[in-house]
């Protein structure tokens with residue numbers, strides 16, 4: 001049986017809805033469905049300055065960092081500009097560390113640039129590294 005093709009974005013989706021759909025697909029995780037909302041090769045700059053060129057990169061990275069992780073999307077801030085829109089998704093992460101210890105309240109902010117109905121850039125920040133350091137007894 002042929003593999004299902006990734007979901008195609010519906011024409012006319014508001015830029016924040018495109019971002020929400022991308023994030024929802026990413027949390028499944030289904031990087032191929034998430035990629036349908038991005039321009040091919042769009043840079044994803046992840047925590048620690050790691051740069052990926054598709055949603056498969058962050059999905060693979062997260063497999064090593066978390067047993068599982070989801071986002072509680074609290075709000076979307078939309079900043080229209082000429083020819084593009086910057087959309088911020090702000091909220092918290094929850095899930096389990098690789099050893100099965102649950103966590104929640106881990107702050108995140110994702111910044112997206114949307115142009116012509118596609119995500120053309122994504123930047124990701126969260127508190128995971130700080131929490132991992134604290135678990136290991138390392139404080140500044």
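The values are calculated or read from the model by the stated rules, or taken from the named source; none is laboratory data. Fair warning: this is a prediction, and the values are worked out from it, not measured in the lab. Heads up, the Cβs are rebuilt from the backbone with ideal geometry, glycines too, and the neighbour counts pull from every protein chain shown.
What is the one condition in (1) modelled with pLDDT of 95 or more; (2) surrounded by 15 or more Cβ atoms within 10 Å (Cβ to Cβ); (3) not in a helix (DSSP H, G or I) that residue 103 does not satisfy?
(1)
Do the conditions hold for residue 78, that is, is it buried (at least 18 other Cβ atoms within 10 Å of the Cβ), part of a strand (DSSP E or B), in contact (Cβ under 8 Å) with a residue 12 or more places away in the chain and touching a helix residue (DSSP H, G or I) at 6+ places or on another chain (Cβ under 6 Å)?
No.
May I ask you to list pairs of residues, at least six apart or on different chains, whose Cβ atoms are under 7 Å apart, with the first in the stretch 33-57 being touching a residue at least 60 places away in the same chain (Cβ under 8 Å) and at negative phi and the second being in a loop (DSSP other than H, G, I, E, B) and surrounded by fewer than 16 Cβ atoms within 10 Å (Cβ to Cβ)?
Qualifying pairs under 7 Å: 43/53.
Kindly provide the set of residues from the stretch 28-56 that are surrounded by 16 or more Cβ atoms within 10 Å (Cβ to Cβ) and within 19 Å of residue 95 (Cβ to Cβ), ordered by number.
Matches in the stretch 28-56: 29, 30, 31, 34, 46, 47, 55.
Being outside any helix (DSSP H, G or I) and surrounded by fewer than 12 Cβ atoms within 10 Å (Cβ to Cβ) is the filter here, so list the residues in the stretch 57-75 that pass it.
Selection gives 74, 75.
Please enumerate the residues belonging to the stretch 106-131 that are touching a residue at least 24 places away in the same chain (Cβ under 8 Å) and exposed (fewer than 14 other Cβ atoms within 10 Å of the Cβ).
129
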